[in-house]
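A.B. asks: This is the structure, below, for whatever I ask next.
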Amino acid sequence: MPVFDRILWYHFPMLTLYNDLTNKKEVFEPLDPPRVTMYNCGPTVYHYAHIGNLRSFVFADTLRRALESNGYTVDQVINITDVGHLTGDTNDTGADKIEAQAKRENKTAEEIAQFYTDAFLCDLDHLGIDRNTIRFPMATAHIDQQIELIEQLEKKGVTYATDDGIYFDTSAAENYPKLGTIQASGLQAGARVEENKQKRQPADFALWKFSKTKTQQSEKRLQEWNSPWGVGFPGWHLECSAMAIQYLGETIDIHTGGIDLEFPHHANEIAQSECATGKPFARYWLHSEHLNLKGAKMAKSDGNIITLQDLIQDGIHPLSYRYWLLTAHYRSPITFDPEAVLGTQRALERLKTQLDQLPQKDTEGNTKTDTVVPEAYLIKITEAINDDLDTPTLTALIWETLKDTELTGIAERYTVEYILDLLGIDLADFSGRESIGITELPPEVAELAQERENARASKDFDRADKLRADIKQAGYEIHDTETGPEFTHV
């Protein structure tokens, strides 16, 4: 029996989510159940995503799993920004991030975008995010839709031209900005001097940027398109509105992203979308908080980043990182601590060992597929996931389940595996830290390993134990297998 059918019988709490549009928890009710439309702001593909960026996609995947556990079918879109995102995020100034990286690497903008898009998708695979049911539209493939959206806004009289582009007049948007803690009345006083002094309000933002200004000839861009207003390229905020409307409709159920996108990006999406369509753009806005590093927000612009590949090279399995993220609530800022993540990894290794020791069948020969989660645990699990994705409670429930002497072995296994599935943790192929071959070890450690093999061959086990300790002191754990020793980072 599907879990959704069972929870209706028990009158469990409905799924509640913290809506940043209203600043409170609300019962989630989609426009067209059981379908849920969800748009997740994707990466700007000019560099590798850092592990702080990836937190928002682990959150979005967890949200998707929560929705599906409640019986909904999710229509999910994650955009790929491959043009128009300028280095001056808040004032439409600076170089296009894709173009700047292309010049640094002496490649075309398309080559840069494709390379880092592929890297991002690979990161999602490592983190256990199923890409098969997600659409990943690229901004450059939807220039026509973006131009059409500007034309709609132009007909509504909420745009104006300056020397460097077509701008949206934020004074025409009702209650701007609807998201974020910044108030429109305070934007003028707190604004820094703008390069474009023709803007009517500091908060006004570019819909279309001209490749060449009327007052200054600029270097030809790698990416530019013809438009009714002149040769140029779309603004960063425009693409998300155009693609969300294209794939999910003029009003969508859920829009997510990192908290850094709440203002101005998401506030501007709302303003332009609602002025164009006259309808609410997204009904629920959810944001994941920052991942900090050494007390500061992780950011590429500050050179303050760690990538998923960095973690892998340091012996941290991506699923260990995912699990560590989920031990905190998505709306809580957290500080990256590699030792804490390694501690989580060791816990997952122990968990896999314990699960492997639990029976696959009950006393009557039924497999776990014939068994359901015990009702008391089903209630606890559903209450946790439906309370604004309370993943810390879910992670604690795993260990509570394994300590419950009242449960049968098969019930323990099925309950833990159900929780792990909600969290997106598949331990089937999880082996903790990646094994390192002896030829990949530093020379001095490889020499110790060879001495240990010689000691074991001559049955000098005291010396072998001493060498094992020396190898561990050097940062490597040794594992004796039938095919020879294997190593992992300590």
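The values are calculated or read from the model by the stated rules, or taken from the named source; none is laboratory data. Please read these numbers as outputs of a predicted model, since none were measured by experiment. Cβ coordinates were reconstructed from backbone atoms using ideal geometry, including for glycine residues, and neighbour counts include every protein chain displayed. Side chains are part of the model used for accessible areas, which takes the heavy atoms of the whole protein and leaves out ligands, DNA and RNA. Shrake-Rupley method; radii C 1.70, N 1.55, O 1.52, S 1.80 Å.
A.B. asks: Compute the acute angle (0 to 90°) between the alpha-carbon long axis of helix 461-473 and the principal axis of greatest extent of the alpha-carbon atoms of the chain; round to the nearest 10°.
C.D. replies: Taking Cα atoms only, the helix is inclined about 10 degrees.
A.B. asks: Please calculate how many Å² of accessible area the chain carries per residue, with a 1.4 Å probe and no DNA, RNA or ligand atoms counted.
C.D. replies: Solvent-accessible surface per residue comes out at 46 Å².
A.B. asks: On to the next question. Past the 26 Å Cα-Cα mark, which pairs from Lys24/Lys403; Lys107/Lys294; Lys107/Lys212?
C.D. replies: Lys24/Lys403; Lys107/Lys294, as the Cα separations exceed 26 Å there.
A.B. asks: Then there is this: Got a number for the accessible area of Met14? Probe 1.4 Å, square angstrom, nearest 10.
C.D. replies: 100 Å²
A.B. asks: State the extension gain, in nm to one decimal, for the chain segment bounded by Thr408 and Ala457, taking 0.36 nm per residue of separation less the distance between their alpha-carbons.
C.D. replies: 13.2 nm
A.B. asks: What distance in nm lies between label points placed 7 Å from Cα along the C-beta direction at Gln246 and Glu447?
C.D. replies: Taking the two extended label points, one gets 6.0 nm.
A.B. asks: Follow-up. Quick one: pull the percent of accessible area on segment 33-155 belonging to carbon and sulfur, 1.4 Å probe, ligands and nucleic acids left out.
C.D. replies: Its accessible area is 47 percent carbon and sulfur atoms.
A.B. asks: Leaving out ligands, DNA and RNA, what percent of the accessible area of segment 254-349 is carbon and sulfur, probe 1.4 Å?
C.D. replies: Answer for segment 254-349: carbon and sulfur cover 48 percent of the accessible area.
A.B. asks: In segment 130-185, which GluC sites (Glu not before Pro) are in a loop and have at most 10 other Cβ atoms within 10 Å, using DSSP for the loop call?
C.D. replies: Glu174
A.B. asks: Separate question: Order Asp314, Asp164 by their accessible area, 1.4 angstrom probe, all chains in place, largest first.
C.D. replies: Asp314, Asp164
A.B. asks: Then there is this: Place +1 on the Cβ of every Lys and Arg and -1 on the Cβ of every Asp and Glu in the chain, take the dipole about the Cα centre, and give the residue among Ser211, Leu441, Ala428 whose Cα lies farthest towards its positive end.
C.D. replies: Result: Ser211, furthest along the dipole toward the positive end.
A.B. asks: Could you tell me how many degrees, from 0 to 90 and to the nearest 10, lie between the Cα long axis of helix 143-155 and the main elongation axis, the longest principal axis, of the Cα atoms of the chain?
C.D. replies: 40 degrees
A.B. asks: Cross-link candidates for Lys199: which aspartates and glutamates have Cα within less than 12 Å, leaving aside residues fewer than 8 places away along the same chain?
C.D. replies: Asp92, Asp163, Asp164, Asp169
A.B. asks: Taking segment 382-479 as the region of interest, what is the percent of Cα-Cα pairs per 5 angstrom bin, listed from the shortest bin to the one with the maximum distance?
C.D. replies: 2, 11, 16, 12, 9, 7, 8, 12, 14, 6, 3, 1, 0
A.B. asks: Taking the Cβ of Leu124 as the centre, find all other residues whose Cβ is under 15 Å away and add up their charges (Lys, Arg: +1; Asp, Glu: -1).
C.D. replies: Counting the neighbours of Leu124, the net charge comes to 0.
A.B. asks: Helix 409-423: angle to the longest alpha-carbon principal axis of the chain, degrees 0 to 90, nearest 10?
C.D. replies: Between helix and principal axis, roughly 20 degrees.
A.B. asks: Restricting to DSSP H runs of at least four residues, report the calculated mean residue ellipticity at 222 nm for the chain, -39500 (n - 2.57) per run over all residues, nearest 500 deg cm²/dmol.
C.D. replies: -13000 deg cm²/dmol
A.B. asks: At a Förster radius of 45 Å, what calculated FRET efficiency corresponds to the Cβ-Cβ distance of Lys466 and Ala141, to the nearest 0.05?
C.D. replies: 0.15
A.B. asks: Bins of 5 Å, beginning at zero and ending with the bin holding the largest distance: percent of Cα pairs per bin for segment 236-385, please.
C.D. replies: Final binned percentages: 2, 7, 11, 13, 12, 12, 13, 12, 9, 6, 3, 1, 0.
A.B. asks: Let me ask something else about it. Give me the number: length gained by fully extending Asp426 to Glu111, i.e. 0.36 nm times residue separation minus the C-alpha to C-alpha distance, one decimal in nm.
C.D. replies: Residue separation times 0.36 nm, minus the Cα-Cα distance, leaves 110.1 nm.
A.B. asks: So how much slack lies between Glu383 and Lys220, counting 0.36 nm per residue of separation and subtracting their Cα-Cα distance, in nm?
C.D. replies: Length gained between Glu383 and Lys220: 53.0 nm.
A.B. asks: In addition: Tell me the relative contact order for the chain as a rounded percent, counting alpha carbon contacts under 8 Å between residues six or more apart.
C.D. replies: 16 percent
A.B. asks: Please sort 50-59, 269-278 by packing, taking for each peptide the average over its residues of neighbouring beta carbons within 10 angstrom, highest first.
C.D. replies: The most tightly packed comes first, giving 50-59, 269-278.
A.B. asks: Apply 1/(1 + (r/R0)^6) to the Cβ-Cβ distance of Asn292 and His479, taking R0 = 30 Å, and write down the FRET efficiency to the nearest 0.05.
C.D. replies: The calculated FRET efficiency here is 0.30.
A.B. asks: From the list (i) 1.13; (ii) 1.04; (iii) 0.95, can you say which value of Cα Rg over 2.2 N^0.38 Å was derived from the structure given?
C.D. replies: Here the calculated entry is (i).
A.B. asks: Quick check: pseudo-label points 7 Å beyond the Cα along Cα→Cβ at Lys352 and Asn366, how many nm apart are they?
C.D. replies: Output for this residue pair reads 3.0 nm.
A.B. asks: Another question about this same structure. Place a +1 charge on the Cβ of each Lys and Arg in segment 77-156 and a -1 charge on the Cβ of each Asp and Glu, then give the dipole magnitude about the Cα centre in debye, rounded to the nearest 20.
C.D. replies: Around 80 debye, computed over segment 77-156.
A.B. asks: Follow-up. With r defined as the distance between the Cβ atoms of Lys24 and Lys212 and R0 fixed at 45 Å, what FRET efficiency is calculated, to the nearest 0.05?
C.D. replies: Approximately 0.40, to the nearest 0.05.
A.B. asks: Something else: Just reorder Ser241, Ser69 by solvent-accessible area, largest first, 1.4 Å probe, all chains present.
C.D. replies: Correct descending sequence by accessible area is Ser69, Ser241.
A.B. asks: Reachable aspartates and glutamates from Lys279, Cα under 15 Å, same-chain residues fewer than 8 places away excluded?
C.D. replies: Partners within reach: Glu174, Glu250, Asp253, Glu269.
A.B. asks: Going toward the positive end of the dipole of the chain, with +1 on Lys and Arg Cβ and -1 on Asp and Glu Cβ, which of Phe59, Ile129, Ala296 do you reach last?
C.D. replies: Result: Ala296.
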